[in-house]
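These notes concern the structure reproduced below.
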């Protein structure tokens, strides 16, 4: 599936573990609470938090950005795709981020 990965603060390669799963997540950015379902809340319909608490796998409110290096390091998926992933992974699932020919790959 196409994804958006980090630009500048690249998506870090390494082995992680899923620590939390949230439906319709609230975004807190610079101490400002941004409710789900708003364009400013870029987390989309699902949040899958990783063992590096700054990073996760999530949906998007800007589907036109999928496939580009534009995130702050998280992996963004189309909402319909992150919802599928959300339903099949569990807290404790291992996530491996690798760099293959300058492309970050989620496995």
It is to be established whether one or more residues within segment 48-62 are part of a strand (DSSP E or B), modelled with pLDDT of 95 or more and over 22 Å from residue 99 (Cβ atoms). no
Scanning for something loosely packed, with under 14 Cβ neighbours inside 10 Å, without any contact (Cβ under 8 Å) to a residue 60 or more places away in the chain and under 14 Å from the mean Cα position of the chain (by Cα), does segment 93-107 turn up at least one residue? yes
When segment 4-40 is checked residue by residue, the ones that are without any contact (Cβ under 8 Å) to a residue 60 or more places away in the chain, surrounded by fewer than 13 Cβ atoms within 10 Å (Cβ to Cβ) and not in a strand (DSSP E or B) are 26, 30, 31, 35, 37, 38, 39, 40
What tally of residues in segment 34-56 results from selecting those that are closer than 18 Å to residue 72 by Cβ and touching a strand residue (DSSP E or B) at 6+ places or on another chain (Cβ under 8 Å)? 16
Looking only at segment 73-92, how many residues end up being surrounded by 14 or more Cβ atoms within 10 Å (Cβ to Cβ) and not in a helix (DSSP H, G or I)? 7
Residue 1 meets each of (1) closer than 22 Å to residue 99 by Cα; (2) surrounded by 13 or more Cβ atoms within 10 Å (Cβ to Cβ); (3) in contact (Cβ under 8 Å) with a residue 60 or more places away in the chain with one exception, condition (2)
Of all residues in segment 70-82, how many are touching a residue at least 24 places away in the same chain (Cβ under 8 Å) and out of contact with any strand residue (DSSP E or B) (no Cβ under 6 Å at 6 or more places or on another chain)? 5
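The values are calculated or read from the model by the stated rules, or taken from the named source; none is laboratory data. Remember, predicted model here, so these are calculated numbers, not experimental data. Here Cβ is always computed from backbone atoms with ideal geometry, including for glycine, and neighbour counts include all displayed protein chains.
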